[in-house]
Amino acid sequence: MSQYQLRVYTLRDSDALTAYEKIWAQHMAGMAKHRITTHGVWTAPAAPGSDTPRLYALVSYTDADDVQERLEAYLSSPEFRADMEGFDIARIVGLDETLLTPTVDSPLR
């Protein structure tokens with residue numbers, strides 16, 4: 001059974017969201033090299049009364065993998081650095097990571 005993680009990035013503004021959406025398209029290949037599978041990436045505009053849009057990504061790791069170890073390996077990789085080149089990381093104003101456990105009947109197990 002896989003370990004799933006919902007990653008929620010809060011971006012500074014809609015321009016940052018557009019830029020980071022393109023970066024995530026590049027992240028998928030690099031993440032796969034580090035045994036992190038991307039199942040989907042979604043965007044959400046800023047909520048009423050807020051200026052901060054969000055990008056949601058659902059990823060998974062194999063059951064035997066240490067999630068933090070896999071993630072740290074990717075974040076220190078040349079692929080990650082290349083993907084992020086020219087993007088000011090300060091444009092990401094928040095990141096929430098939630099490990100999800102599939103239910104017995106979940107299609108994603």
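Tabulated data for the structure shown
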quantity: Condition met for A29 (in a helix (DSSP H, G or I), among the aliphatic types (A, V, I, L, M) and either surrounded by fewer than 12 Cβ atoms within 10 Å (Cβ to Cβ) or at pLDDT 95 or above (or both)); calculated: yes
quantity: Test: residue in the range 44-64 that is surrounded by 11 or more Cβ atoms within 10 Å (Cβ to Cβ) and part of a helix (DSSP H, G or I); calculated: no
quantity: Any hit, the range 42-61, residues being touching a Leu at 6+ places or on another chain (Cβ under 8 Å), β-branched (V, I, T) and farther than 13 Å from V8 by Cα; calculated: no
quantity: Any hit, the range 10-24, residues being closer than 20 Å to L100 by Cβ, under 13 Å from the mean Cα position of the chain (by Cα) and in a helix (DSSP H, G or I); calculated: yes
quantity: Answer residue from the range 62-107, given it is in contact with a strand residue (DSSP E or B) (Cβ under 9 Å, 6 or more places away or on another chain) and basic (K, R) and is nearest to V8 (Cα to Cα) among those; calculated: R91
quantity: Complete set of residues in the range 1-60 that are among the basic types (K, R) and touching a residue at least 12 places away in the same chain (Cβ under 8 Å); calculated: R7, R12, K33, R35, R54
quantity: Residue that is aromatic (F, W, Y) and within 14 Å of V93 (Cβ to Cβ), where the choices are Y4, Y56, Y20; calculated: Y20
quantity: Selection from the range 83-109 of residues that are exposed (fewer than 11 other Cβ atoms within 10 Å of the Cβ), of a type in the set (G, A, S) and either in contact (Cβ under 8 Å) with a residue 12 or more places away in the chain or part of a helix (DSSP H, G or I) (or both); calculated: A90
quantity: Residue count, the range 1-26 (criterion: among the small types (G, A, S), out of contact with any Pro (no Cβ under 6 Å at 6 or more places or on another chain) and surrounded by 14 or more Cβ atoms within 10 Å (Cβ to Cβ)); calculated: 3
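The values are calculated or read from the model by the stated rules, or taken from the named source; none is laboratory data. Please read all numbers here as calculations on a predicted model, not as lab measurements. Counting neighbours? That spans all protein chains shown, and the Cβs are built from the backbone with ideal geometry, glycine included.
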